[in-house]
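This report refers to the structure that appears directly beneath it.
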Amino acid sequence: FPYTTLFRSEDGDIVLDFFGGSGTSAQAVLEANTEDGVQRRLVMAQANQPTAEGSVGRKAGYETIAEIAAERVRLVLKSLAAAAAGTLASTANGAGDAEGFRYFRLRESHYKRWVGVTDADAEKYVEAMALYTDPLLPGWKPKDLLWEVALKEGYALHSRIEGVKECKENEVYKVTDPDRFAAAGGEAQSFYACFDAKLAKATIAALKLTKDTTLVVRDAALDDTLAANLALSCTLKTI
């Protein structure tokens, strides 16, 4: 990747590479950020192309080129962090901030697909609807589902995810997008999500919900009364 191109960029610029390959662009951006102090961001995409049989990458345990690229970024971050350890540059440039690197794989949705019924028969429709009482596919994982919900809500992939420690009886997450700002106060926009099978009253109290709060929960976790009360106190969205 030509360094001369990178050195013409400015703080906050995004380097977009749709053909990421083994991660050469990513390495160039990380090293350039460390060298000149400019904070560029990188978005890199790579098809799920398998490594060749018998290749060095396959022998090393990497099934796809994307896996090689991800590992390259991790190693570059470690190398830059080690080189900058104890210096002002490591604090100013954040070269070793591994938290800034996220690796996503494109997968199918966690939601069941509606396949309908072949005949216009009321009983068959009822049977089909019963299969979608829980719309999530078996084996779903909370963190993976959380990212899908965030994307559906229009949140970016660099959003911040935090566990809500005040909620003791449920696993609750707060998702914040630093590039989205709430209308009031200019704070970064966020929403809460809980995918537990039942939502505890103590959790609702701990969240201190307001009309400006968005809460995403599973429909099965609510009874009619609780759903009605939540809809009055916040922006309620159900799965």
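Check the stretch 33-49 and report whether any residue there is assigned to a helix (DSSP H, G or I) and in contact with a Phe, Trp or Tyr (Cβ under 9 Å, 6 or more places away or on another chain).
The initial filter retains those residues of the stretch 33-49 that are assigned to a helix (DSSP H, G or I), namely 33-36.
After this cut, where a residue has to be in contact with a Phe, Trp or Tyr (Cβ under 9 Å, 6 or more places away or on another chain) as well, the list is 35-36.
The answer is yes, given that some residue of the stretch 33-49 is assigned to a helix (DSSP H, G or I) and in contact with a Phe, Trp or Tyr (Cβ under 9 Å, 6 or more places away or on another chain).
Which residue pairs have Cβ atoms closer than 9 Å, lie 6 or more positions apart in sequence or on different chains, and pair a first residue in the stretch 223-239 that is within 16 Å of Lys211 (Cα to Cα) with a second residue that is open to solvent by less than 60 Å² (accessible area, probe 1.4 Å) and acidic (Asp, Glu)?
That search, which allows pairs on different chains as well, returns Lys237/Glu153.
Within the stretch 83-108, restricting attention to residues that are surrounded by 13 or more Cβ atoms within 10 Å (Cβ to Cβ) and not aliphatic (A, V, I, L, M), which residue is modelled with the highest pLDDT?
Residue satisfying both the conditions and the ranking: Phe101.
Please count how many residues of the stretch 30-46 are hydrophobic (A, V, I, L, M, F, W, C), open to solvent by less than 70 Å² (accessible area, probe 1.4 Å) and under 22 Å from the mean Cα position of the chain (by Cα).
4
Kindly provide the set of residues from the stretch 2-29 that are open to solvent by less than 30 Å² (accessible area, probe 1.4 Å) and modelled with pLDDT under 85, ordered by number. I'd like the intermediate steps shown before the answer.
Applying the first criterion (open to solvent by less than 30 Å² (accessible area, probe 1.4 Å)) to the stretch 2-29 yields 6, 9, 15, 17, 20-21, 23, 25-26, 28-29.
Hits for the stretch 2-29 are Leu6, Ser9.
Consider Leu30 carefully, then state whether it is part of a strand (DSSP E or B) and among the aliphatic types (A, V, I, L, M). Full working, then the answer.
Numbers: part of a strand (DSSP E or B): no; among the aliphatic types (A, V, I, L, M): yes.
When the stated conditions are applied, Leu30 does not pass them.
Do we have Arg72 as within 22 Å of Leu157 (Cβ to Cβ), at pLDDT 85 or above and part of a loop (DSSP other than H, G, I, E, B) here?
Details: within 22 Å of Leu157 (Cβ to Cβ): yes; at pLDDT 85 or above: yes; part of a loop (DSSP other than H, G, I, E, B): no.
So Arg72 fails the test.
The values are calculated or read from the model by the stated rules, or taken from the named source; none is laboratory data. Since the model is a prediction, treat every value here as computed from it, not as a measurement. For neighbour counting, all protein chains shown are included, and Cβ atoms are generated from backbone atoms with ideal geometry for every residue, glycine included. All accessible areas refer to the heavy atoms of the entire protein, side chains included, with ligands and DNA or RNA removed. Shrake-Rupley method; radii C 1.70, N 1.55, O 1.52, S 1.80 Å.
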